[in-house]
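Reviewing the structure listed below.
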Number of protein chains: 2
Amino acid sequence: MILNQIIIAVNDKLYVKNPESSDLGRKIIQHSILLIDEIGFDAFTFKKLGERIGSNESSLYRYFENKHKLLLYLSSWYWGWMEYRLVLETNNIPDPKIKLLKGIEILTEKVKDDSATLHINEALLNNIIILEFTKTILTKEVDRENREGFFMVYKRVINRLVNLILEAKPDYPFAKSLASSIIEGSLHQHFLKDHLTTITDCNDTQSPAIFYKNLIEQILK
Amino acid sequence: MILNQIIIAVNDKLYVKNPESSDLGRKIIQHSILLIDEIGFDAFTFKKLGERIGSNESSLYRYFENKHKLLLYLSSWYWGWMEYRLVLETNNIPDPKIKLLKGIEILTEKVKDDSATLHINEALLNNIIILEFTKTILTKEVDRENREGFFMVYKRVINRLVNLILEAKPDYPFAKSLASSIIEGSLHQHFLKDHLTTITDCNDTQSPAIFYKNLIEQILK
DNA sequence: GCAAAGATAATAGTAATACTTTCAATTGTG
DNA sequence: CACAATTGAAAGTATTACTATTATCTTTGC
């Protein structure tokens, strides 16, 4: 066992009051994941979440300005957690090729719940990220929000993958595009395997991780 | 010159009344592209569009049930037009490798306005597709809408690319995932090069098409 | 040339959303 | 125990995404 309690730091501009600082805050995080996974982010409202946790709509606004910021918070937490796992599990691998393949596996494989975080169900959070994360970037406000640092953790994860690629193949000229393609693309392949099965080779036995590891092997040749 | 007027057929479940059948309908298409590009799809409403074209909100509802269906219509039109160009420009190439590279170029290169369609500005429509298309798929309604055939043209384009890949490399085991990755990924790279420049190698001189053509060359080896 | 049909416009109305505000009740802390 | 901070309840607002009704305008068929 590594740690029995993880704390992931999130950009403090994303919340009004830190949800990790109180019971109600942690309840908001825990049940927002359950509720968004259940009904989708579009149908999700603070009113419904309030009813679910026996709390008032106006109290939730004391933690998050709006539901968009809450989603950005959950996303930042998710990528922070992925970064933590990526660093931890690739740290002591000396061979750059094996290290890169391990990194790809962590970043593209289906996520399982992590018992070290009591109020966060990572498997459900992963479902939310697959369906909603790309939408948080594809907005007219992306430049302003990027300047405020809302996507910093995500970009840091991608740049860690860039470094793994360059360690394994220093002369590869498209490391950034490849890294961002793999990370965004794997979310997309996970979605396709559940909903648009005719345009993917991925399924229950053949995961996106296998496709991307094969792709990397071709490129390393 | 190939044709001086193109008509792209779109699934008739996407509209209440065919917008190609009247002046007002064509105006809706033309100005919805301009307005969505300008203010984004979220801020776009039928009321604003009505004001812009000097028409009443309620009249627009006679053509499209809601703005989501209008976006699906524009998307279907776009992919229909891409398919038309793909088929036309790869048709007479005998060498499968050159044919595949040409196909990739058409599907991933920046789009220019096509003078054969008077009321549709393809360059602006391409901007809308980059920002909004993935969101039309990433919904809780995707299975029902897929069953209704709303994504048929898109899936057909991907399967045409699958065939080009398999003609060039018949034993490649991930043709579908690669094709869907390239098409979705190139939209994503176009977005990154304009907004999150630190996680892409693409820019004004190095287009996504160059990255993807290089990737395919690696895979064909 | 006119009547009927069809298309479009004007106006009003509704339910839901995404908040904000105010004030009261409860809880925690020095 | 008092004071501050937190939470809850209720009401209010502007906007959105429509629907419904009725009026007007434009075709087209005869």
Could you go through segment A:153-170 in sequence order and give the Karplus-derived ³J(HN,Hα) for each residue, using 6.51 cos²θ - 1.76 cosθ + 1.60 with θ = phi - 60°, rounded to whole Hz, and x for Gly and Pro? 4, 4, 5, 5, 4, 4, 5, 5, 5, 3, 5, 4, 5, 5, 5, 7, 8, x
Placing +1 on each Lys and Arg Cβ and -1 on each Asp and Glu Cβ in chain A, then taking the dipole about the Cα centre, the residue among A:N11, A:G103, A:S22 whose Cα reaches farthest towards the positive end is A:N11
Explain nothing, just compute: Karplus ³J(HN,Hα) = 6.51 cos²θ - 1.76 cosθ + 1.60, θ = phi - 60°, for every residue of segment B:91-100 in order, whole Hz, x for Gly and Pro. 3, 9, 8, x, 6, x, 6, 5, 4, 4
Here, trypsin sites (Lys or Arg not before Pro) of segment A:11-46 satisfying both criteria (DSSP loop; at most 16 other Cβ within 10 Å) are A:K17
To the nearest 10 degrees, how steep is helix B:67-90 against the longest Cα principal axis of chain B, on a 0 to 90 scale? 40 degrees
Which value in deg cm²/dmol, rounded to the nearest 500, describes the helix-derived mean residue ellipticity at 222 nm for chain A, given -39,500 (n - 2.57) per DSSP H run of n ≥ 4 and division by the residue count? -20000 deg cm²/dmol
For the protein assembly as shown, which whole-number percentage of the solvent-accessible area (1.4 Å probe, protein heavy atoms only) is attributable to carbon and sulfur atoms? 49 percent
Using only the alpha-carbon atoms of the protein assembly as shown as identical scatterers, what base-10 log of I(q)/I(0) does the Debye formula give at q = 0.07, 0.08, 0.13 Å⁻¹? -0.37, -0.48, -1.26
D (µm²/s, integer) via Stokes-Einstein for segment A:96-155, Kirkwood Rh across alpha-carbon pairs, 25 °C, 0.890 mPa s: value 178 µm²/s
Extending each Cα 7 Å along its Cβ direction at B:E109 and A:T198, get the distance between those two points in nm, one decimal. 2.9 nm
Kirkwood hydrodynamic radius (Cα pairs, Å) of chain B? 18.5 Å
For chain A, longest principal axis from Cα atoms; helix A:208-220 axis from its Cα atoms; angle between them, nearest 10 degrees, is 40 degrees
Mean accessible area per residue over the protein assembly as shown (1.4 angstrom probe, all protein chains present, square angstrom) is 44 Å²
If you project the alpha carbons of segment A:44-106 onto their three principal axes, what span does each projection cover, largest first, in Å? 54, 19, 15
How many square angstrom of accessible surface are buried between A and B, both sides summed, with a 1.4 Å probe and rounding to 100? 4400 Å²
Measure off 7 Å from each Cα along the Cα-to-Cβ vector at A:K97 and B:I93, then give the distance between these two points in nanometres to one decimal. 3.2 nm
Cβ charges +1 (Lys, Arg) and -1 (Asp, Glu), total dipole of segment A:12-220, debye: 440 debye
If the elastic network links every pair of Cα atoms under 10 Å, which of A:A168, A:A123, A:A43 fluctuates the most in the Gaussian network model of chain A? A:A43
Show me, for segment A:115-123, the HN-Hα J-couplings you get by feeding each phi into the Karplus relation (A = 6.51, B = -1.76, C = 1.60, θ = phi - 60°), rounded to Hz, glycine and proline as x. 6, 6, 10, 5, 9, 10, 9, 5, 5
at A:D12 the sorted inter-copy label distances (label 7 Å from Cα on Cβ side), in nanometres, are 6.2
Across all directions of projection, what mean area in square nanometres is found for the Cα convex hull of segment B:52-152? 8.6 nm²
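The values are calculated or read from the model by the stated rules, or taken from the named source; none is laboratory data. Since the model is a prediction, treat every value here as computed from it, not as a measurement. As a convention, Cβ positions derive from the backbone with ideal geometry for all residues, glycine included, and neighbour counts pool all protein chains shown. Surface accessibility is based on the protein's heavy atoms, side chains included, excluding ligands, DNA and RNA. Shrake-Rupley method; radii C 1.70, N 1.55, O 1.52, S 1.80 Å.
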